[in-house]
Amino acid sequence: MRSFYPAWFFIPAIALYVVFFAVPTFAGFYFSLTRWTLFDQTFIGFDNFVRFFQDPQLVSGFVHTFEYGFVTSAAKVVLGLALALLLTSPVLGRGYLRAVVFFPVLVSTIGIGITFKALMDPFHGIINGVLGSVGLPTPGWLTDPSLALWSVAAVDVWKGVGIATLIFIAGIVAIPQEYFEAARVDGASSWTIFRNITLPLSRPAMGTVIILSLIGGLRSFDLIWAMTGGGPGFTSDVIASVIYKQYQAGFYGLSTAGNVVLFIVVTAIMVPISWLLNRKEAEL
């Protein structure tokens, strides 16, 4: 007879999952249908969602969220793969370079945001100081409405490309060396080896990087808030920052509804992408 003894080891994990994920998730769905404070609550149905979608900030926040998420994710995939190819080749100081690339991942996101906010200051920042000293334009990186969101995105890519590189390195190193040796014996060029061996066999790593980067980009808040606070105006607001502003204003039910919207949007985007990537991986 099968013993139920091993099943008991699942109980701590299940308990933690229920307490810290399942219960808060269902509570969030319920409170999104109420007007609540710490002391009382009133059920109002879908009024919070109606009000949330009537907020003009939400429209721009949605657009900025998708732009920010997809651009930063694509940049991390491309740069991470390029750096991984470089750092798995016999380059001088490879170990040191790997540490340099991965170092920003270890630094606090808020600390990086505050640091780059000072560096990108249009009047006293080092970046504009260097550009001005050589006669180049000195744009308002965080004060120009057309540049603010993309300036934060560039910092996000700089901070997050290290983890993408690490995942790609693991994927490339796991490819059997016999494939590369056979290709070189047949006279294959570096581009041919990359296109026909490295890229296809790195697809599992690429799928992981795409999923992690896209989820992080769509849910991004802390770096944006530390660098711009959603400004100037609302030009760098994303869904998460709009939700936080509603919470600051005391509209707790409205902000909870925003969190539900964000959860549904991220799930609706990531589930089909994850299914598609896993299907292609299975075809390999």
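The values are calculated or read from the model by the stated rules, or taken from the named source; none is laboratory data. As the structure is a prediction and not an experimental result, all values here were calculated from the model. Backbone-built Cβ (ideal geometry, glycine too); neighbour counts: all protein chains shown. Heavy atoms of the whole protein, side chains included, go into the accessibility calculation; ligands, DNA and RNA do not. Shrake-Rupley method; radii C 1.70, N 1.55, O 1.52, S 1.80 Å.
Just a few scattered comments:
- Karplus-derived HN-Hα couplings along the range 58-63 (A = 6.51, B = -1.76, C = 1.60, θ = phi - 60°), whole Hz, x at Gly and Pro: 5, 4, 5, x, 4, 4
- Here the Karplus relation 6.51 cos²θ - 1.76 cosθ + 1.60, evaluated at θ = phi - 60°, turns the backbone of the range 208-221 into coupling constants of 4, 5, 4, 5, 5, 5, 5, 4, x, x, 5, 9, 4, 8 Hz, with x for every Gly and Pro.
- Coupling constants for the range 138-155 follow from the phi torsions by the Karplus curve (6.51 cos²θ - 1.76 cosθ + 1.60, θ = phi - 60°), and in residue order they are 10, x, x, 4, 10, 10, 7, x, 7, 10, 4, 4, 6, 5, 5, 4, 4, 5 Hz; glycine and proline get x.
- The range 1-88 - Kirkwood radius from inverse mean 1/r over Cα pairs (Å): 18.2
- Hydrodynamic estimate: the Kirkwood radius of the range 92-210 over Cα pairs, inserted into Stokes-Einstein at 10 °C and 1.306 mPa s, corresponds to D of 91 µm²/s.
- Fraction of C-alpha pairs exceeding 26 angstrom in the range 148-281: 43 percent, rounded to a whole number.
- The chain: radius of gyration and largest Cα-Cα distance (Dmax), Å: 23.2, 81
- Surface accessible to a 1.4 Å probe, per residue, for the residues of the chain, Å²: 58
- Computed over the Cα atoms of the range 192-245, pair by distinct pair, the Kirkwood hydrodynamic radius stands at 13.3 angstrom.
- Per-peptide average of other Cβ atoms within 10 Å, ordering 32-41, 166-175 highest first: 166-175, 32-41
- Less than 5 angstrom separates the built amide H of residue 34 from those of 44, all sequence-distant by 5 or more or on a different chain.
- Using the alpha-carbon positions of the range 77-153, Rg (one decimal) and Dmax (whole number) come out as 16.0, 43 Å.
- Sulfur and carbon atoms: percent of accessible area, the chain [1.4 Å]: 71
- Rounded to the nearest 20 debye, the dipole magnitude of the chain is 400 debye, with +1 charges on Lys and Arg beta carbons, -1 on Asp and Glu beta carbons, and the Cα centre as origin.
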